[in-house]
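Everything below concerns the one structure shown next.
The values are calculated or read from the model by the stated rules, or taken from the named source; none is laboratory data. Quantities reported herein were computed from a predicted structural model and do not represent experimental measurements. Cβ atoms come from the backbone with ideal geometry, glycine included; neighbour counts cover every protein chain shown. Note: areas computed on protein heavy atoms with side chains; ligands, DNA, RNA excluded. Shrake-Rupley method; radii C 1.70, N 1.55, O 1.52, S 1.80 Å.
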Amino acid sequence: MTDQSSYDVVIVGGGIMGSATAWWLCELGFTGRVVVIERDTSFARAASTLSASSIRQQFSDTLNIRISQFAADFIRDFPARMGDARVPPVTFNSFGYLYLSDSAAMSDQLLSAHNVQVAAGAGTRLLTPSEIAADYPFYDLTGIELGSLNTVDEGYWDGGTVFEWFRRLARARGVDYVQAEVAAILRDGARVSGVRLADGTVINAGVVVNSAGTRAATLAATAGVTIPVEPRKRFVWVVRLETPLSRALPLTIDPTGVYVRSDGANYLAGCAPDPDPTVDPDDFAPDPAIWQDHVWPALATRIPAFERLRIVTEWVGQYDYNTLDQNAIVGAHPDISNLLFLNGFSGHGLQQAPAMGRGMAELILHGGYRSLDLTPLGFARLTDGTARREHAII
Ligand SMILES: Cc1cc2nc3c(=O)[nH]c(=O)nc-3n(C[C@H](O)[C@H](O)[C@H](O)COP(=O)(O)OP(=O)(O)OC[C@H]3O[C@@H](n4cnc5c(N)ncnc54)[C@H](O)[C@@H]3O)c2cc1C
């Protein structure tokens, strides 16, 4: 039995962020002891499990584009990257994302994001309604002014397999996974000394990483730190059409905010509720009225083939939503150098895990980023007023 009372790194939350960090620490040669503490090792309600698992480069923030470009590279070479013969290739269907605009304001936003994306090397194209209709004849484009499409390294990827192998290989390489709830981060002035579990056990730590997803703000508060991250419900349906579409459906973001994409032989749709309040982190209750009154009508209006469908499955997940600027909060607290944050992914975190895990491991190993500089997503902006808004939030 190994000593479980003291670790060099304590990672709170074993979702894809915590597990990516653990795997990258091993991969980059960290020789200290690492533990991942996870309250529910079934991960049944973790965002990493309930995700729509899509990947895109159509962001308004250059850094988010770079982060997803790294993810695309990483998953293309996944078995080689993971360095284990058992690791399978990751399915990656680049059918793209198509943002649709029906107003001048929305078109302006697509145009300015397009400029950022092209400068970052993304394959985004702006399309008129007739250009969209030529390639995708199944849309009803009434009222649509402009579309923004990228079919290079955008679409669906199997994030579940990536999550699984980060976790399995971190364990295989010596990281401990402990099923327990962290009740508090123990702070001693400008340092944290460890964590206290719900059963009272204290685990000492050289570094504590907060990767607690929707519970990140509650956990941070135990160390006297406020972060603007709250749980927000997101609804997902998988449907089968009576008559399938003539080609793969890009992840289409309708001006109503409803999105839909191909999902194998089915189609996956989702949306945010309106209004969109903070909720209890255990609230996963469905709301059939959202489908009936909002999502289905929007889908059938945009793609008439969606008039005739059946629901195959549906679920509710939660975003760890950053109310300041809908961007990740990554890195050390400015005044507590051994307390690290990996929070606030606001619905685009699954694809960010490869870059985020690497960045956290670099911070822990070297005290700074060595590959992609994630400093602009650091904690400092929460206090110095430099919000870094991501406009392309789905
Ligand atoms: C419906 C939905 C659709 C999405 N679609 C996409 C998408 O298409 N593309 C994309 O890139 N991203 C998407 N996301 C976002 C993405 O899934 C998340 O950003 C990502 O999974 C966050 O990973 P995480 O490890 O931070 O959080 P989680 O996976 O939620 O893991 C956090 C873990 O911390 C544990 N924990 C919390 N508090 C404690 C504690 N005190 N002690 C011990 N353990 C604790 C929890 O049990 C949980 O397992 C979607 C999310 C949802 C909900």
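For the pair region 113-142 and region 66-89, the centres of their Cα atoms are 28 angstrom apart. Taking the 1.4 Å solvent-accessible surface of region 1-56 as the whole, the part contributed by carbon and sulfur is 50%. Once a ≥ b ≥ c are taken as the square roots of the eigenvalues of the Cα gyration tensor of region 20-88, is the result rounded (a/c under 1.5), prolate (a/b larger than b/c) or oblate (a/b not larger than b/c)? In terms of gyration-tensor shape, oblate.
For the chain, modelled as a Gaussian network with Cα springs under 10 Å, which listed residue fluctuates most, Ile203, Ile185, Ile16? Of the options given, Ile203 has the highest mean-square fluctuation.
Restricting attention to the chain, close to 70% of DSSP beta bridges with both partner residues there are antiparallel. Close amide-amide hydrogen proximity is noted between Asn338 and Val192, each under 5 Å apart and 5 or more residues distant or on a separate chain (H modeled in the peptide plane; Pro and chain starts excluded). The distance separating the Cα centre of region 293-339 from that of region 186-223 comes to 27 Å. For region 1-64, the solvent-accessible area with a 1.4 angstrom probe is 33 square angstrom per residue.
Report summary: the helix-based calculation at 222 nm, which adds -39500 (n - 2.57) for every DSSP H run with n ≥ 4 and divides by the residues of the chain, gives -7500 deg cm²/dmol. The accessible surface of region 258-366, taken with every protein chain in place and a 1.4 Å probe, is 52 percent carbon and sulfur.
Summing charges over all other residues whose Cβ lies under 11 Å from the Cβ of Ser68, with Lys and Arg as +1 and Asp and Glu as -1, gives -2. A prolate overall shape is assigned to the chain, the ratio a/c of its alpha-carbon gyration tensor axes (a ≥ b ≥ c) being 1.5 or greater and a/b exceeding b/c. Among Arg370, Arg261, Arg215, the residue with the largest mean-square fluctuation in a Gaussian network model of the chain, with springs joining Cα atoms closer than 10 Å, is Arg370. Extension gain, Ala80 to Asp282: 0.36 nm times the residue separation minus the Cα-Cα distance gives 68.9 nm.
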